[in-house]
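The values are calculated or read from the model by the stated rules, or taken from the named source; none is laboratory data. Not measured: the values here are computed from a predicted model. Here Cβ is always computed from backbone atoms with ideal geometry, including for glycine, and neighbour counts include all displayed protein chains. SASA here: full protein model, heavy atoms, side chains in, ligands and nucleic acids out. Shrake-Rupley method; radii C 1.70, N 1.55, O 1.52, S 1.80 Å.
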Amino acid sequence: MINRRRFLLGTAASAALLQLADVRSAHAAPLTSDPFGLGVASGDPLPDGVVLWTRLVNDPLNAGSLPGRPIPVEWQVATDARFRDVVRHGTAAAHPGLAHSVHVDVRGLRPGRQYWYRFRAAGHLSPVARTRTAPGYSAQVDRLRIGVVNCQDYQNGYWPAYDGLAAEDLDVVLHLGDYIYEYDPKSLYADRMHTLPQTAGLDQLRTLADYRARHALYKTDPALRAAHAAFPWILTPDDHEVENNYAGLLDEIDDLNTPKYQSPSLFAAQRAVAYQAYYEHLPLRRPVRPGSPGYRFHRRFDFGRLARIAVLDTRQYRTDQPPGTASDFGPIASGLGNTTGTLTGSAQEKWLFSELAGSHARWNVIAQQVMMSQIRFPNFLDAAHPLPPIANLDQWDGYDPARARLLNFLAARTIANPVVLAGDIHSSWFSDLRINRDDLASAPVAVEFTATSVSSDFPAAFDAPLKSANPSLNPHVRYFDGSRRGYLRFDVTPERWLAEARTVDSIAVRSSPVTTTASWATVAGQPGLTPA
């Protein structure tokens, strides 16, 4: 991310705290009020199925406020919003060990169809929500509509972007990371303040209870719940779901790149509870293993023969970024020389190459967290001497040999119409990707769309200098804007991929109109971006 924070490492005794779950009282209240305060959601759509999610709560910020026993939850799927035609139904158990969350992998549905679903528990009925299955694997699909969101810092402002997203006509939403932020309570808005971590003396989420409470706090926002209820989501985390700038089992480092605050074993325990809480609050298909620091987030989704989406995880297996500075920026040469560095790990890289090589889709999408485009930034660290330019080493620019392997693979195997998606940097960047970014006469091997944030901040002081410098430093960047928050909307056909930046006027208020502030397209078989 753009900035780093220091925090105090607890003593060795804090290791035990990492595994703490919520203390469940024998006298916890039964479901005496509506338990669906965190809403409902669906995700990971397949041609014959989708995952349905909810989590039962009394007090959203205290998982121990429910009885320490499983609670039966009925579910229904229908072809209509009034549930006159129920096609699938059943009962699932909401277990206290998973914060009374429910993940139902509904199968036997028809491909490319819209459905409605709902839950019932202890006589209480959940909101009705809408979902959609993917088209059949070999289907000739005429159109696919996708929304892309990321980086929703609760404390930095409100989420009118999610009101706009919920009103769109979409088939699926991709969330590319930073679903929650682990930061301390500090906000300009009295009603957008993070809660304090459970562990006294630490300014950082550490325990399962900490991460559960933070996820639940974010889910209390009605705009986020409405967006989840409108479409199936496909999600992958970035760093803030665990901790800013973590890499593999390496904790956040300090401003001078000195040793990590925690040992790998302690951080593995923290990562385990963070991944568990992430699973407990989102519609993910693969079950989590409590206590395990690993979870397979990378996976593939096909939308007929129109699009294959490979979803990556660029945090869990990455090596540490090359030495830079406190703000992630450093010498371009550091990334160029990072020959052993990886964002994906070797196994995931091989998996990605296999998924791309075996694809018969018209469009091949790589959905991941950090910007892949080669970017030369003016030297923000020394305003009096903005040149030579520097790189953001937390992005693919810090791992240039790994990026070169991927771009060369796309070119050598003539992968059909590659599209890279990214988030993380809280600003919009639409770019042509070339093996040699300075060879503007060469054809791009792919295009990249980097989505702005829902609410997370981009430094206002960076916006104008980048807009001024990009034509000379980064001519492959066709569009940039760091001043607005929002999301991306894609309209995909066999002939072209249309990308629209949908942005709000303000995040200082709950309601703000959404408008289209940029439209760019790439034509199938003709790599490169053109204004639409």
* **the chain: relative contact order in percent, alpha carbon pairs under 8 Å with at least 6 residues between** => 15
* Give, as a single signed number, the net charge of other residues whose beta carbon lies under 9 Å from the beta carbon of residue 126, with Lys and Arg counted +1 and Asp and Glu -1. => +1
* **Sequence-distant residues sharing a close amide H with residue 518 (under 5 Å, placed H)** => 501
* **Within the chain, percent of DSSP bridges classed antiparallel, to nearest 5** => 75
* Structure fact -> Any residue on another chain or 5+ positions along whose placed amide H is under 5 Å from the amide H of residue 420 is listed here as 366, 447, 448, 449
* Using the Kirkwood formula over every pair of different C-alpha atoms, what hydrodynamic radius in Å results for segment 141-191? -> 12.9
* To do: For residue 285 paired with residue 404, estimate the spin-label separation in nm (one decimal), with each label point 7 Å from Cα along the Cα-to-Cβ line.
  => 3.6
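Give the peptides 461-469, 127-135, 175-183 in descending order of average Cβ contacts within 10 Å, highest first.
175-183, 127-135, 461-469
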* Asked: To the nearest 10 Å², what's residue 350's accessible area with a 1.4 Å probe?
  -> 150
* Structure fact -> If unit charges are put on Cβ atoms (+1 for Lys and Arg, -1 for Asp and Glu) and the dipole of the chain is taken about its Cα centre, the option from 56, 135, 248 lying farthest towards the positive end turns out to be 135
* Asked: For the chain, what is the charge dipole size about the Cα centre, in debye to the nearest 20, if Lys and Arg each add +1 at the Cβ and Asp and Glu each add -1 at the Cβ?
  -> 1520
* Beta carbons within 10 angstrom, averaged per residue: use that to sort the peptides 189-198, 144-153, highest first. => 144-153, 189-198
* Asked: Considering only DSSP beta bridges with both partners in segment 129-251, what is the antiparallel share in %, to the nearest 5?
  -> 10
* Asked: In segment 499-532, which residues have a backbone nitrogen under 19 Å from the label point lying 7 Å from residue 414's Cα in the Cα-to-Cβ direction?
  -> 523-528
* Would you pull out the residues with amide H under 5 Å of residue 507's amide H, same chain only if 5 or more places away, H placed 1.01 Å from N? => none
* To do: Within segment 123-138, which residues have the backbone N less than 16 Å from the label spot 7 Å out from residue 110 along Cα→beta-carbon, could you tell me?
  => 131-137
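So for segment 317-385, averaging the separation of alpha carbon pairs under 8 Å that are six or more residues apart and normalising by length, what relative contact order in percent results?
28
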* Within segment 46-191: Cβ-based charge dipole about Cα centre, in debye rounded to nearest 20 (Lys, Arg +1; Asp, Glu -1) -> 720
* Could you please tell me the mean projected area of the C-alpha convex hull for segment 33-161, averaged over all directions and given in square nanometres to one decimal? => 9.9
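Hey, what number do you get for the chain at 222 nm if only DSSP H runs of n ≥ 4 count, each worth -39500 (n - 2.57), divided across all residues, to the nearest 500? Please list the in-between numbers first.
Numbers: 9 runs with 93 residues, N = 532.
Mean residue ellipticity at 222 nm (helix-derived): -5000 deg cm²/dmol.
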* Once you have a ≥ b ≥ c as the square roots of the Cα gyration tensor eigenvalues for the chain, tell me rounded if a/c is under 1.5, and otherwise prolate or oblate according to whether a/b is larger than b/c. => oblate
* List the aspartates and glutamates whose alpha-carbon lies under 15 Å from that of residue 186, not counting same-chain residues fewer than 8 positions away? -> 153, 203, 457
* To do: Highest first, please rank the peptides 221-231, 495-505 by the mean number of other Cβ atoms sitting within 10 Å of their residues.
  => 221-231, 495-505
* To do: Answer with one residue from 531, 465, 452: the one whose Cα lies farthest towards the positive end of the charge dipole of segment 394-532, charges on Cβ with Lys, Arg +1 and Asp, Glu -1.
  => 531
* Using r as the Cβ-Cβ distance of residue 387 and residue 189, and R0 as 56 Å, what FRET efficiency do you calculate, to the nearest 0.05? -> 0.90
* With the dipole of segment 328-425 worked out from charges on the C-beta (+1 for Lys and Arg, -1 for Asp and Glu) around the Cα centre, which of 367, 409, 346 lies farthest toward the positive end? -> 409
* Just how large is the dipole of segment 374-529 about the Cα centre, in debye to the nearest 20, putting +1 at every Lys and Arg Cβ and -1 at every Asp and Glu Cβ? -> 260
